[in-house]
Structures are given as C-alpha cells and as structure tokens.
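Engineer: Please read through the structure below; I'll follow up with questions.
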Amino acid sequence: MRFNEKELVSLSRQPSERAAELGMRGPKKGDVVKKRLVKLIVNFLFYFRTDEEEPVGALLLEQCRVEREDDLAFSIAFLDEAERKYLFECDTQEQCLDWIDSIIKASYEFMRKNLIFYRTEIHRLTGKDPLEQYGISDETRFQVNTGLPPLPAPPT
Amino acid sequence: MKIHEKLLTHYLSCPSPVDKEGYLYKKRERNTSYHRRWFVLKGNLLFYQERPADRHLLGVIVLEGCIVQPNPPEGQFCFSLVFTGPGLRTYGLAADDCLGQESWVHALHSASHTCLSLLVKELGRLYEEAKRVSGESSQSPPVTEKGLNQSMATFNPGSSYSLQGKGTAMRDPRAYGGSHTLPAPLITIKTTNKRSPKLWPKRNALVTPLNGPAPTYGEWPLVGSDTLEDFSKLHEHYGDEVRQLRADWLRRKHEEEGHIEEDLIDLG
C-alpha cells in the first residue's frame, strides 16, 4: 500500500505533543528493549534511533489499548491482539502516566467523541448548536446518533 | 520508514464512522492523466482503492500539513492537496461535478487532527462557559477507564453513523463571517508551538477510577494561544477559498451558457 512517506517524515520533524527517549520493545517473541527517541505528533507515535533524522517507524494511535504495565512502563496493544503489545519503559512514574494520558488523548476518535459530547451539551444548555457558526453542523463526522436528543436541522 | 500498514487498514475497517467516501479522479504523479478511484476519508486519513468492494487498498494519504485548494485552472471540478514544505508533493484530484468538488473540499479542509483539536478546545471552552452561565455543576465528558483504553466510551455516539443524504449545498455566506483573509499559510498555525508546560495531576495506577469522570477541562493542556482566534482564522481561510470557488463557478456558469464543454479530464 502506498503512502505519502515524505510528507509523513516531514510531519515527524514538527514540534511534538510529547517526546522523550524511552526503552521500546516490539510485540514479537524475542524482541528486546531498545533505546528509542519516541515522538507523539497528532495521532502518530514516531520512533527514531537516537541521532537519526528519519524515524524507524510510525504507529497510528487509533483502536489501541494503552495500559500501565508496572511502575515505570506502559504498553500499547493494537489490532485487538491483547497479547501482542509494544512496551515502553520510562524514567519516572510521572513520565509514565503523562505518556499514557497523552497517547489516549491523541486519538482522533477520542477527540471526536469529546466534540460530540460538548456539542450536545452546549446545545442542551444554550439551545444553540455551536458548530453552526462554522458552517460544519451537518458534517457527518460530528453527528450524534439517534439515542440522544436530536439537534435542530441546519438553516437552509 | 515503516508505517505498520495493518494498523491503518484495521482503523479503516473498524466500526468508527467513515467521514466521506466516493469516486474521485486522482492525477498520476508523473503524467497528466487521471485514474478514477474510490476514496474513503476517515479521521485524518484518506484511503483510496480501485472500487468500493475491493479488499486491496491502493494507498493512503495522511492529511496533516496540507492545504486543500480548489483548482479551477487545472480543470473544472479539480482541487489539490498541497503539502507545504521543501520537496513535498501536491495531489491533484477531481470530482464529477461541482457539488462533489465542494463537499470534498469542505470535508478535507476540516479533516486534519490539528483542526479537530482546535475545534474541540474551543467547544470545551464554550461548554465551560455555558455551564457557568446555567449554574450547573461540573460534568466532564463521561469517558470511563475502558473508554480511555479506546474500547468504548459510556457516552456512546453509536457504532454507525448515517451518512447525511444531502450534499453540502450552497451555504449561507454569512456562515463564513467577515471578509478578511488570512495572510500567512495555514501551516504556521500548526508549527507554532505556543503550549505552556502541561501539568498533569498525579493519579493512581488505574489512570482514572473505573466509571469515574475524565479529567475536567481545566486539567487539559493550557494553550498559550487563543484557541478561538486560531480556529476562527482557520475557518475564515477555508471559508474564503470555498466562497471564491463558488463565485468562480457561478460566473463561469453564466459565461458558458449554451457552450458545449469539452472533456477536461483525459480518461484514456
């Protein structure tokens, strides 16, 4: 599958939400912990060999489970394969918790859910749909499902 | 660089909503002809394949760091994804008609993670204000520990979203606000790192208690910049481009009445 690699590498050089040197271990049996510069940018986790310009790889942080493994380590499991996890070792407990928080909140789907929550609540409290002023109130990505109070139809 | 393809294809196939899908023409990198492809927009990822039923994906475009530009000089319903930066690509795309072009441009404009992030922050701020005004006690987005682990949120928007039947019809120009334009490229908003250091409260090993509230808005990262200003600027810029596109289309329509248009896209 083709992807816009140059553009993604360029993205990996942008200011990050969070970046640190962590111990990183892959999901396969026999993988060992390696020191990597890990950078969280939008919903991607880039990891670099120390002092290299181009990342070794990029992990999309959607549909994944982040868990505390012990005092200083957390894991990310993908593809509903709970046993195949990437392990990350931090220097302090605080750093470990910070990373877990940041990764969870980096997910596009997490942000979407929050946006829908805020939109519904603001509408409930004020009677107004906050997305109307931006002209995006009928964007599919921000729709609420039938279980919740319906929003008014956008002005025609 | 390894992209872990399986993670992308898994995201595409999971039950979270597809933001937009449909046929578009994609310009080949090295020559001027176009291929018709089935595109699927989900989150900040634009996937493409030959046909909707295909299991094999041809490719994906990560939509961060690009500007979406309607591109009439190229062809009638054309638009581009311009990645800003040295040596970075521009993707040439074209829709079947004006409505298609407009709705894709609109969807792609607001697809980036950066854009959504600003919007969420702004809405969070409005929410706090609305609560203050109404005198309600604080209620955070109900994300459980499970939700924090990406499985499901108790506030569940549902596993399927119905695609809006109507296209994004001509919008009320007033929706786009004032007429000033954004002088600098959009990319500057993203690369300016104005964040102040984040202070996360200490928590126990479960991160948050089961079924308890998620961190309140006040605990979210403090952003040095004015989020309303940032998002309004983004919105103005998008709005201007789309308005320009509409104006051009209307003008062309008047001018070309009775004129048989030739095929501007080489399908051969």
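No lab work stands behind these numbers, since they all come straight from the coordinates. Everything quoted here is computed from the prediction, not taken from an experiment. With ideal geometry, Cβ positions are generated from the backbone for all residues, glycine too; neighbour counts draw on all protein chains shown.
Engineer: With a 10 Å Cβ neighbour count serving as the proxy for reagent exposure, in which order, fewest first, do B:102, A:69 appear? Can you show the working numbers first?
Structural biologist: Working: B:102 23, A:69 14.
Going from least to most buried by this count: A:69, B:102.
Engineer: Another one. Got a sec? How would A:51, B:54 order by Cβ neighbour count within 10 Å, fewest to most?
Structural biologist: Numbers: A:51 6, B:54 10.
Fewest-to-most ranking of A:51, B:54: A:51, B:54.
Engineer: If you don't mind, another one. Any idea what the relative contact order of the range B:5-114 is, in percent, if you count C-alpha pairs under 8 Å spaced at least 6 apart? Write down the numbers at each step before the final one.
Structural biologist: Working: 184 pairs, mean separation 23.4, N = 110.
Relative contact order, the range B:5-114: 21 percent.
Engineer: Let me ask another. On the principal axes of its Cα set, how long, how wide and how thick is the range B:5-114? Give whole Å, largest value first.
Structural biologist: 38, 29, 27
Engineer: Go through chain A and flag any cysteine with no other cysteine's C-beta closer than 4.7 Å, please.
Structural biologist: Within chain A, the cysteines lacking a partner Cβ under 4.7 Å are A:64.
Engineer: Using the 2.2 N^0.38 Å rule of thumb for compact globular proteins, work out how the range A:70-119 stacks up: its C-alpha Rg over that value, please.
Structural biologist: Working it through for the range A:70-119, the quotient is 1.37.
Engineer: Using alpha carbons only, how many angstrom separate the centre of the range A:3-66 from the centre of the range B:51-78?
Structural biologist: Their Cα centres are 26 Å away from one another.
Engineer: Okay, moving on. For chain A, what is the relative contact order in percent, using Cα pairs closer than 8 Å and at least 6 residues apart in sequence?
Structural biologist: Working: 222 pairs, mean separation 23.6, N = 156.
Dividing the mean separation by the residue count of chain A yields 15 percent.
Engineer: What is the average number of partner chain Cβ atoms found within 10 Å of a Cβ in B:6-17?
Structural biologist: Details: counts 5, 10, 5, 2, 7, 11, 1, 1, 5, 1, 7, 7.
What the average comes to for B:6-17 is 5.
Engineer: Something else now. Sorted by mean Cβ packing within 10 Å, highest first, what order do the peptides A:92-104, B:80-92 take?
Structural biologist: Working: A:92-104: 18.6, B:80-92: 16.8.
Peptide ranking by packing, descending: A:92-104, B:80-92.
Engineer: Placing +1 at every Lys and Arg Cβ and -1 at every Asp and Glu Cβ, with all other atoms neutral, what dipole size does the range A:8-111 have around its Cα centre, in debye to the nearest 20? Can you show the working numbers first?
Structural biologist: Values: 15 positive and 21 negative charges, 63 e Å.
Dipole size: approximately 300 debye.
Engineer: Per DSSP H run of at least 4 residues, take -39500 (n - 2.57); add these up for chain A, divide by its residues and hand me the 222 nm value, nearest 500 deg cm²/dmol.
Structural biologist: Working: 3 runs with 41 residues, N = 156.
Counting only the DSSP helices, I get -8500 deg cm²/dmol.
Engineer: Out of all Cα-Cα pairs in chain A, roughly what percent, to the nearest whole number, are more than 25 Å apart?
Structural biologist: 44 percent
Engineer: I've got another one for you. Listed here are the pairs A:113/B:6; A:85/A:113; A:28/A:85; A:105/B:131; B:6/B:26; A:39/B:6; which of them are more than 18 Å apart at the Cα? Numbers along the way, then the final one.
Structural biologist: Details: A:113/B:6 24 Å; A:85/A:113 25 Å; A:28/A:85 8 Å; A:105/B:131 23 Å; B:6/B:26 24 Å; A:39/B:6 20 Å.
Checking Cα-Cα distances, A:113/B:6; A:85/A:113; A:105/B:131; B:6/B:26; A:39/B:6 exceed 18 Å.
Engineer: Per residue of A:122-129, how many C-beta atoms from partner chains lie within 10 Å of its own C-beta, taken as a mean?
Structural biologist: Numbers: counts 8, 1, 3, 9, 6, 0, 2, 0.
Rounded to a whole number, the mean comes out at 4.
Engineer: Across peptide A:96-105, what mean number of C-beta atoms from other chains lies inside 10 Å of a residue's C-beta? Intermediate values should be presented prior to the final figure.
Structural biologist: Working: counts 1, 7, 3, 0, 5, 10, 3, 2, 8, 8.
Per residue, the average neighbour count from other chains is 5.
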